[in-house]
Amino acid sequence: MSSSRYPASVDVAIVGSGPTASAYARILSERAPGATIAMFEVGPTVSNPPGAHVKNIEDPERRTLAQRASEGPGAGAETVNSPGAVKSGERRARPGTYLMADGYAFPGEDGMPVAAMSSNVGGMAAHWTAACPRPGGRERIDFLADLDQLLAEADRLLGVTTTAFEGAPFSGLVHDRLAAAVDGGRAPAFRVQPMPLAVHRREDGRLVWSGSDVVMGDVTRGNPRFDLFDESLVKRVLVDGGRAAGVEVEDRRTGGIHHVAARYVVVGGDALRTPQLLWASGIRPAALGRYLNDQTQVVFASRLRDVSPGEGENRTDGALSEQSGVTWVPYTDDMPFHGQIMQLDASPIPLAEDDPVVPGSIVGLGLFCAKDLQREDRVAFDDATPDSYGMPALRIHYRLTAKDHEVLERARQEIVRLGNAVGEPLDERPFVLPPGASLHYQGTTRMGEYDDGESVCSPDSQVWDVPGLFVAGNGVIPTATACNPTLTSVALAVRGAGRIATELAGAAELAGALLMSDSDNRMTEQ
Ligand code: FAD
């Protein structure tokens, strides 16, 4: 008999260790401290505490190693940091992520050439930009009456602040120039403002970027009933009598296959791999993988006008320099794109190769467009072709509609207008990144108010018709958001975790009551 590092059974098995899976661990640790929880992550631990953002690693060599170790089957490939890679249209991943080897585009379709994933403790949130804007207008999920409360909880879990770049020498100037161009006629919530960021400042002044470590918090790390197992691939969700009953796990260190029984299973494996795991488990609701959407991204760069050297200073220790902060131009239903304007060395995509004359004076502008949602846009799975983890290979079918092209054209014009408002544009035309570049994939396990065949899970994120099985991540978001989605998907996870905690508490109460009545009966019999 093979020995196993896993428990035979737990109350809750969590697949993945990104911020949404970690939100389940955190809320359960807070609200159901008696519950046993096992979290399984296919990738290795790359930072300390586990799940911490790699940008917090001060030594550049160690940081690069952590990024490489997160790139799963793509480790060692060229990344966008190689000069000119994005502009030449080459398929390259962001550091810490990897691209699909094949199946990302089919003839006559746009596909998602740069759809990417991360495989490491902390998921993509060990590599993200940490922008956490709230959804507005039609981005919001109108059937969730408690959405604002959930978003506030998500702010708490992610450690979101709007003050991290306060005092950055150019941030006021960027804000004022954008506000003059944008704010007219907008309600206060939709005006130009500092981007809410999951980042805080340490006492010594250094910035700390939130990752899953912050979401888990001390309460999860100190929970004696919580265990995190890295290098552990969940290959199947086990179902018994129609109810989630556990997981089948491959220990990537030994190759051993093990079953862990669980009363609840939460799958938070990202918007491509969560539906993959459900598919591999024979759980195949009609909407699984459908309504896949990504936010088409237009980028541009501008050199700030009228700034003088000495207003900012460049950091030389590899940490983010802090001249212009990150500014948010919110989405509106009339202008269905979300704007993120930041100093170039804060951007995940290099836009300019020349050194700015004034340190920090080149800003990158990015507009993310909301997608025209289509049922046919989907990730499908090929049972006959295993991917590099031995799971059914991903096959992406994705098209931009006429409406998408129209919104994209408006975004192009708007970004040029914004670039001119802040300074002197570096290029004549903005460029559009290939589909998948936003890293914000949504819809594939979408939430619905009712089970009408167009959604995969309930407003509590429980998969229709499979009690005890919950899904987490951006795939759960049913709307076409243009804003960065992680805050919203963590908010949805808070709701799902709350539902599990309530059910566990109810079951514990019932068990306690049964025990009491049993002992009463025995006392009466004596
Ligand atoms: P992930 O973070 O993707 O984690 C999923 C985890 O599940 C992975 O670690 C994976 O290995 C694991 N997994 C998958 N399948 C299995 C399995 N079968 N068994 C075991 N483990 C499995 N978002 C924003 O909102 N704002 C931003 O500013 C932003 N900037 C970004 C910049 C970059 C460079 C990158 C890479 C991402 C950015 N994102 C941003 C996206 C953000 O990181 C994701 O939205 C977020 O991490 C999603 O969280 P998640 O928990 O759903 O999934």
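The values are calculated or read from the model by the stated rules, or taken from the named source; none is laboratory data. Predicted, not measured: the structure shown is a model, and the values here were computed from it. All Cβ positions, even for glycine, are placed from backbone atoms using ideal geometry, and neighbour counts span all protein chains on display.
See the values below:
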item	result
Sole exception among (1) more than 20 Å from the chain's Cα centre (by Cα); (2) of a type outside the set (Val, Ile, Thr); (3) over 29 Å from GLU90 (Cβ atoms) for CYS457, by number	(1)
Selection within the stretch 76-93 - within 13 Å of the ligand (Cβ to nearest atom) and either under 30 Å from ARG236 (Cβ atoms) or modelled with pLDDT of 95 or more (or both)	ALA93
GLY256 being out of contact with any Gly (no Cβ under 8 Å at 6 or more places or on another chain) and on the phi > 0 side of the Ramachandran plot	no
Filter result (touching a strand residue (DSSP E or B) at 6+ places or on another chain (Cβ under 6 Å) and farther than 23 Å from MET335 by Cβ) within the stretch 369-383	ARG375, ARG378, VAL379, ALA380, PHE381, ASP382, ASP383
Residue within the stretch 171-185 that is over 27 Å from SER302 (Cα atoms) and either part of a helix (DSSP H, G or I) or free of Cβ contacts under 8 Å to residues at least 40 places away in the same chain (or both) present	no
Residues located in the stretch 457-477, provided they are under 15 Å from THR20 (Cβ atoms) and either assigned to a loop (DSSP other than H, G, I, E, B) or of a type in the set (Gly, Ala, Ser) (or both)	ASP460, SER461, ALA472, GLY473, GLY475, ILE477
Residue in the stretch 139-147 that is touching a Phe, Trp or Tyr at 6+ places or on another chain (Cβ under 9 Å), among the charged types (D, E, K, R) and more than 29 Å from ASN48 (Cβ to Cβ) present	yes
Residue match in the stretch 482-505 (condition: modelled with pLDDT under 95, small (Gly, Ala, Ser), within 26 Å of VAL12 (Cβ to Cβ) and not in a loop (DSSP other than H, G, I, E, B))	yes
Qualifying position, being within 10 Å of the ligand (Cβ to nearest atom), surrounded by fewer than 20 Cβ atoms within 10 Å (Cβ to Cβ), of a type outside the set (Lys, Arg) and part of a loop (DSSP other than H, G, I, E, B), among PRO44, PRO7	PRO44
